[in-house]
Amino acid sequence: MSNTAQTLASGRIAALLDENSFVEIGAAVTARATDFNMNNTDTPSDGVITGYGLINESLVYVYSQDASVLGGSMGEMHAKKISNIYALAMKMGAPVIGLVDCAGLRLQEATDALHGFGELYMNQTMASGVIPQICAVFGTCGGGMAVSSAIADFTFMEEKKAKLFVNSPNAIDDNYVEKCNTASAQFQAEKAGMVDFIGDEAAILADIRDLVSLLPANNEDDLSYMDCEDDLNRVCADLEASAADPAITLPMISDSGIFFETKAEYGKDMVTGFIKLNGTTVGAVANRSTLYDEEGNAVEEFNAEISARGCEKAAKFVEFCDAFNIPVLTLTNAAGFKATKCSEKKMAAAAAALTYAFAEATVPKVNVVVGKAYGSAYVTMNSKGLGADVVYAWPNAKIGMMGAKLAVKVMYPEADAKELREKEAAYAELQNSVASAAKRGYVDSVIEAQDTRKYVIG
């Protein structure tokens, strides 16, 4: 790797790619700027290593910023090298992976650096929906580079040293790092929803390899298929018992337990991620009513309500799947939308975005109603009316406008307790049952929970 062989930047590339597969491009490039004594400053590779290599024998393009060269700052030639990688990746139809450690705009190059940022943004935008874009932040990702990271499809962040910000925490009125570190991995994952995965450097690089293996190389050629060694008709005996937390349910359905969750810390009422069904990558979107920890203890309840954050997260995920021809599976357990002042600020817009994403998606769409499916929340979750190709339901699922008890109270406000009980039973049978939905064609088949894997594969 030329004169940058011993840097952290090159070490990350070596750890990410298949052994000895990396080919460097532009190793001899240095800065052109001469202002502010730049002509006396050594800038090997202009602070970024670029090239291509293999991940599990699949072609990828990669750039890795070198913080030992002017803090990894973005200058004219630095930006051109990354843009060149994007141009090559678009021609070859291969993913781009950015390993970020960048102090931001290089002040000594000013307008040249700004123009370089603009060209990079343009290349990323043109690549959106055509090739997968993955970003991993290991050090500083400030200012304009934060925007570049946000354009990527998936963003990873080192949990302790990495910083991601447009404005540094201390530059925000009434804030400072000790009060609220808005640049931290935890904030960006949990509050901002920018980051899909946080962990140590080794875990991030390993997860990127796993993700690349699950994704198509581009929007036309699907190289993500793998042979399925799992039984296609495998019975999932405990599936119904785990339905409250899809992070447990989805691996049970998937080939060999494969499940790659995205944005796990954000909008936890909604679970999104990739599974394998008969060797094919499938995008999964599911409602969560209870979050369990690794020991099986319930740590958070969501009452089967969909939040604005959950809608935003799911909408972006469905749009990605549609762009790359990845089928979508939904597990629906939605009793309604979250009713809080904070959520209400953007609830309608977020729900509309998710509704639009499902309605517009032309990939195969399968929905399994595993619990409650009430009102507009159900319609939004890949319902038959939104274009789901096949809708299954478990026998104990509830599909309707709202819970029977509340419905009869609205319909018969002056009824006594006995009459309300009678009307509630009738409403549950006539309007809220799986059978009533199936009679009208809104459910294609009522299936036993343990047979879900067999049906969704079919």
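The values are calculated or read from the model by the stated rules, or taken from the named source; none is laboratory data. The shown structure was predicted, so the numbers you read here are calculated from the model rather than taken from an experiment. Here the Cβ positions follow ideal geometry from the backbone for every residue, glycine too, while neighbour counts run over all protein chains shown. Surface accessibility is based on the protein's heavy atoms, side chains included, excluding ligands, DNA and RNA. Shrake-Rupley method; radii C 1.70, N 1.55, O 1.52, S 1.80 Å.
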Review point. Using the beta-carbon distance between ASN303 and ALA202 and R0 = 35 Å, what value does 1/(1 + (r/R0)^6) give for FRET efficiency, to the nearest 0.05?
Key: 0.40
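For the stretch 177-297, what's the relative contact order in percent, using C-alpha pairs closer than 8 Å and at least 6 residues apart? Can you show the working numbers first?
Values: 157 pairs, mean separation 28.4, N = 121.
It comes to 23 percent, rounded to a whole number.
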Point to revise | Magnitude of the charge dipole, the chain, Cβ model with Lys/Arg +1 and Asp/Glu -1, debye to 20 | key: 1340 debye
Study note, to complete from the structure: To the nearest Å², the heavy-atom accessible area per residue of the stretch 227-266 with 1.4 Å probe amounts to 46 Å²
Point to revise | Listed residue (GLY199, GLY273, VAL328) projecting farthest to the positive dipole end of the chain, Cβ model | key: VAL328
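Can you tell me the length gained on complete extension of the stretch ASP227 to TYR176, counting 0.36 nm per residue apart and subtracting the Cα distance? Each step should come with its number before you reach the end.
Details: separation 51, 0.36 × 51 = 18.36 nm, distance 5.14 nm.
Full extension of this stretch gives 13.2 nm more.
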Exercise for review: Would you mind calculating the gained length between GLN450 and VAL390 on full extension (0.36 nm times residue separation, minus the Cα-Cα distance), in nm to one decimal?
Suggested key: 19.8 nm
Practice item. With the full set of protein chains in place, find how many percent of the accessible area of the stretch 189-238 is carbon and sulfur; take the probe as 1.4 Å. Key: 44 percent
Revision key, fill the gap. Quick P(r) readout (the stretch 91-241; Cα-Cα; 5 Å bins; whole %) gives 2, 8, 15, 17, 16, 14, 11, 7, 4, 3, 2, 1, 0
Check your understanding: With labels modelled as points extended 7 Å from the Cα through the Cβ direction, what inter-label distance (nm, one decimal) is found for GLU360 paired with ASP18?
Key -> 3.6 nm
Revision key, fill the gap. Probe 1.4 Å, all chains present, heavy atoms only: TYR455 accessible area in Å², nearest 10, is 80 Å²
Check your understanding: What are the ³J(HN,Hα) values, in whole Hz, obtained from phi via the Karplus relation 6.51 cos²θ - 1.76 cosθ + 1.60 with θ = phi - 60°, for each residue of the stretch 227-234 in sequence order, with x given for Gly and Pro?
Key -> 5, 9, 9, 8, 5, 5, 9, 4
Study note, to complete from the structure: Phi angles of the stretch 376-391, converted by Karplus (6.51 cos²θ - 1.76 cosθ + 1.60, θ = phi - 60°) into ³J(HN,Hα) in whole Hz with x for Gly and Pro, give 5, 4, 5, 4, 5, 8, 6, 6, 4, x, 8, x, 4, 6, 9, 10
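Could you sort ASP222, ASP451 by accessible area so the largest value comes first, with the probe set to 1.4 Å?
On the way: ASP222 85, ASP451 35 Å².
Heavy-atom accessible area, descending, gives ASP222, ASP451.
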**Study point:** Magnitude of the charge dipole, the stretch 180-325, Cβ model with Lys/Arg +1 and Asp/Glu -1, debye to 20
**Key:** 440 debye
Point to revise | Kirkwood Rh in Å, taken over the stretch 225-317 so that all alpha-carbon pairs contribute | key: 13.8 Å
Exercise for review: At a 1.4 Å probe radius, which order do ARG288, ARG309, ARG234 fall into by accessible area, largest first?
Suggested key: ARG309, ARG234, ARG288
Point to revise | Extension reserve of the ALA348-SER436 stretch, reckoned as 0.36 nm per residue once the Cα distance is removed | key: 28.8 nm
Check your understanding: Probe 1.4 Å, all protein chains in place: accessible area of ASP227 in Å², nearest 10?
Key -> 120 Å²
Check your understanding: If you rank ILE25, ILE306 by how much accessible surface each has, with a 1.4 Å probe, what is the order from largest down?
Key -> ILE25, ILE306
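Over the chain, what is the mean sequence separation of C-alpha contacts under 8 Å (at least six apart), divided by residue count, expressed as relative contact order in percent?
Working: 1004 pairs, mean separation 41.1, N = 458.
Dividing the mean separation by the residue count of the chain yields 9 percent.
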Exercise for review: Beyond 23 Å between alpha-carbons counts as too far, so tell me which of LYS316/LYS398; LYS345/LYS372; LYS345/LYS384; LYS91/LYS276; LYS81/LYS263; LYS313/LYS365 fall in that bin.
Suggested key: LYS316/LYS398; LYS345/LYS372; LYS345/LYS384; LYS91/LYS276; LYS81/LYS263
